[in-house]
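Participant: My questions all concern the structure below.
The values are calculated or read from the model by the stated rules, or taken from the named source; none is laboratory data. Note that the structure is predicted; figures quoted are calculated from it, not measured. Neighbour counts are summed over all protein chains in view; Cβ atoms, including those assigned to glycine, are modelled from backbone coordinates with ideal geometry.
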Amino acid sequence: MVSPVGMFAEQAVDFIEQYFGWLLGAISEVLTWPLNLLEGVLCGMSPVLFMVILIAVSLLITRRLSTTLFAGISFCIIYWMGYWESAMITLSMVIISALVAITIGIPLGIWSAKSETANPVIKALMDFMQTMPAFVYLIPAVIFFGLGMVPGVVATVIFAMPPIVRLTNLGIRQVPAEMNEVADAFGSTGWQKLTKVQMPEATPSIMAGINQCIMLSLSMVVISAMIGCEGLGQDIVYALSRVDVALGFEAGLAVVLIAMVLDRLTQALNRNAGGMKRAEPAGRTKRRKVTAMKIGAVLAVLILLVAGAAVFHADDGNNAGITKMGTVLDSGAQCGLAVPTYTAEEYGLEYISDLEEYADDFDYEIVGIDAGAGIMSSTENAINQYGLSSFKLVSSSESGMLTSLKNAYASEKAIVVTMWTPHWANGVYDLTFLKDPDLAYGEAESIESWGRPGLVSDDPVIAQVLSNYEYSTTEFNDLLSYIDSSGDTSAAVEQWTEAHQDLLAKWLAGTEYKAGRGEITIGLVNWADAIGSSNVLKYVLEKYVGYDVELTELNVGVMYQGLSDGEIDLITTAWLPITHAQYIEKYT
Ligand code: PBE
């Protein structure tokens, strides 16, 4: 039930994807290159060298010992807390995003200062870009650019550009009328007037815009972590989904420190710019021309690159769907609504429909998990089917839900949660699943592994392993509890797997170890079952088959989108035929 407005947006996105896919591919290519370069340089550089450069740059721009000291100490703290690499990745994204935003924003700002026709249009556009909630950009960004750094940069540019445009516009419009008149009186051309009078006059304002832009980039970079952008943002999202205070605070602090350093540095640039309005020595003009030519050359090369990339990209339309690879758990997977057994007894609850009468005691809430999870849409159905009109379904994450459950349990409070088996929580808490006679959650289902389009033909070895990668219900429950009771997932996975040689032999039948088989990316959501099956598979593929495996933790919808785009090779957490039907339908 989407109104025409939403439908239009959806169609526009489809249209762009279909007809401008080549351009998007080209943009992505053009952005990937400097991103990788800068990230490589910053991450590869020794922290000491980085510090030396930072201090030199800071002294040069700010000419203040205190600010420089602050910058140095901030990065020392980041290093000491162990967030160096994340910080460098985030920093490279901020720098590239800000550069792109500046390159597009300043000309737009000039244009809107010069043209009374363009001005209101650009202004409206900027209002739109700035106020549309940032999360919304992530949706088309994922569709257009897949997962990772590039869509993050694109969303960041959109979000961070408006202040530059506005403040450039403002700066030029605020040039005193006399200055313009003098320039006219001396017969300067429009270009001369712009570059020699207006731009220098507007520089402080433009610098303020750049400062704002960098700050906004930094906040957006964190949000982009939801679509697989690495760096500090990923640490924060990870901390949130695990309700991990220590990690969240540290990573958050690292962001704050970077923001403050960048802020002080760009503000100092601004001060310098303010004092720079003197007349230029005559020799500069020539140098300017040379610079302009250089910029022209760079632009030409960029355009060629784009064109080349576009041609290169135009013909790799891979439209096949995602495919089932194997069955991880054949039976025993079941979603539903559960209450602690003390609650079931206290209120005499047996069926889901019994809840409505006591809505008040449950604070009118059903505690849910990730918004995109299949169990959430099934629960919406259950609410309708069983007339639970007083309840609302609250979304958070699996760990969020488990935290609420734990707290309620500790004080024997009434609570109703979305819950499923297999899950270790069923062993830790005494829970009662409410009966679902109308099958809002369907009957027990399977957990399957699914691969990206073309995986089977590209990689028969993986296909072979996945066709064998299966657990019995007991084994799978045992694995999940084992991981939960140990603090360290990878150690637990190793111990558990090595203790199940029979399973290993079954999974590895027909496969042998060969070093350097290549890289495999497994997508997962932060759900206990996905964490268990993905980590064991990673261990097995690395140790016994010879792959390099990367686990990428994502939102549900994003995970399926990434699988269909081929950015993720496989997933081991497809709940079918019901829970994930919506995603499978969309991508097959
Ligand atoms: N779950 C666990 C998922 C599938 C795996 C039940 C939380 C879901 O609802 O989508």
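Participant: Inside region 316-405, counting only strands (runs of 3 or more DSSP E) that do not spill past its ends, which hold 1 or more residues that are modelled with pLDDT of 90 or more and among the small types (Gly, Ala, Ser)?
Facilitator: Here the list reads 323-340.
Participant: Right, SER97: under 28 Å from ASN211 (Cβ atoms), in the same structural domain as LEU232 (by TED's automatic domain parsing) and either modelled with pLDDT of 90 or more or of a type in the set (S, T, N, Q) (or both) or not?
Facilitator: Answer is yes for this residue.
Residues are listed down the side, and each one gets a yes or a no for (1) at pLDDT below 95; (2) among the charged types (D, E, K, R); (3) in contact with a Pro (Cβ under 9 Å, 6 or more places away or on another chain):
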site	(1), (2), (3)
TYR409	yes, no, yes
VAL428	yes, no, no
LEU431	no, no, yes
ASP436	no, yes, no
GLY454	yes, no, no
SER467	no, no, no
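Participant: Follow-up question, since we're still on this one. Regarding SER486, is this residue at pLDDT 95 or above and surrounded by fewer than 19 Cβ atoms within 10 Å (Cβ to Cβ)?
Facilitator: Taking the combined requirement at face value, the residue does not satisfy it.
Participant: Related question: Among the residues of region 325-378, what is the count of those that are more than 12 Å from the ligand (Cβ to nearest atom), in contact with a Gly (Cβ under 8 Å, 6 or more places away or on another chain) and not aliphatic (A, V, I, L, M)?
Facilitator: Total meeting the criteria: 3.
Participant: Starting from residues that are assigned to a helix (DSSP H, G or I) and of a type in the set (Gly, Ala, Ser), keep the ones in region 195-230 and report whichever is nearest to VAL165 (Cα to Cα).
Facilitator: GLY209
Participant: What are the residue pairs meeting all of these: first residue in region 536-558, first residue farther than 15 Å from SER490 by Cα, second residue in a helix (DSSP H, G or I) and at pLDDT 95 or above, Cβ atoms under 6 Å, and 6 or more apart or on different chains?
Facilitator: TYR544/LEU508; TYR547/LEU541
Participant: Hey, among the residues in region 413-428 that are surrounded by 17 or more Cβ atoms within 10 Å (Cβ to Cβ) and away from the ligand (no atom under 16 Å from the Cβ), which one's farthest from the chain's Cα centre (by Cα)?
Facilitator: Here the answer is ALA414.
Participant: If you don't mind, there's one more thing I want to ask. Can you list the helices (runs of 4 or more DSSP H) found entirely within region 445-542 that contain at least 1 residues being within 16 Å of the ligand (Cβ to nearest atom) and charged (D, E, K, R)?
Facilitator: 473-485, 528-540
Participant: Give the residues of region 536-567 that are polar (S, T, N, Q) and within 15 Å of VAL525 (Cα to Cα), sorted by residue number.
Facilitator: The answer is THR552, ASN555, GLN561.
Participant: If you go through region 214-232 one residue at a time, how many are closer than 17 Å to LEU31 by Cβ and of a type in the set (Gly, Ala, Ser)?
Facilitator: Selection size over region 214-232: 4.
Participant: Go through region 379-394 and count every residue that is within 16 Å of the ligand (Cβ to nearest atom) and either among the acidic types (Asp, Glu) or in contact with a strand residue (DSSP E or B) (Cβ under 9 Å, 6 or more places away or on another chain) (or both).
Facilitator: The number of residues fulfilling the criteria is 6.
Participant: Which helices (runs of 4 or more DSSP H) sit wholly inside region 119-191 and have at least 1 residues that are within 30 Å of LEU37 (Cα to Cα) and not aromatic (Phe, Trp, Tyr)?
Facilitator: Correct list: 134-145, 149-160, 162-173.
Participant: What's the total number of residues in region 417-430 that are touching a strand residue (DSSP E or B) at 6+ places or on another chain (Cβ under 8 Å) and over 22 Å from TRP575 (Cα atoms)?
Facilitator: Residues flagged as touching a strand residue (DSSP E or B) at 6+ places or on another chain (Cβ under 8 Å) and over 22 Å from TRP575 (Cα atoms) within region 417-430 amount to 2.
Participant: Return the residue satisfying two criteria in turn: it lies in region 1-37 and is of a type in the set (S, T, N, Q) and within 20 Å of ASP565 (Cα to Cα), and of such residues it is surrounded by the most Cβ atoms within 10 Å (Cβ to Cβ).
Facilitator: SER28
Participant: Name the residue, out of LEU91, LEU59, LEU54, that is closer than 28 Å to PRO200 by Cβ, in a helix (DSSP H, G or I) and at pLDDT below 95.
Facilitator: Criteria check complete, one pass: LEU59.
Participant: Provide a single number: the residues in region 384-398 that are surrounded by fewer than 19 Cβ atoms within 10 Å (Cβ to Cβ) and more than 10 Å from VAL367 (Cα to Cα).
Facilitator: 5
Participant: Go through (1) surrounded by fewer than 15 Cβ atoms within 10 Å (Cβ to Cβ); (2) touching a His at 6+ places or on another chain (Cβ under 9 Å) and name the single condition GLU345 misses.
Facilitator: It fails just one condition, (2).
Participant: So if I check each of TYR583, TYR560, which one is hydroxyl-bearing (Ser, Thr, Tyr), closer than 21 Å to MET149 by Cβ and either surrounded by fewer than 18 Cβ atoms within 10 Å (Cβ to Cβ) or within 11 Å of the ligand (Cβ to nearest atom) (or both)?
Facilitator: Sole residue among the options that is hydroxyl-bearing (Ser, Thr, Tyr), closer than 21 Å to MET149 by Cβ and either surrounded by fewer than 18 Cβ atoms within 10 Å (Cβ to Cβ) or within 11 Å of the ligand (Cβ to nearest atom) (or both): TYR560.
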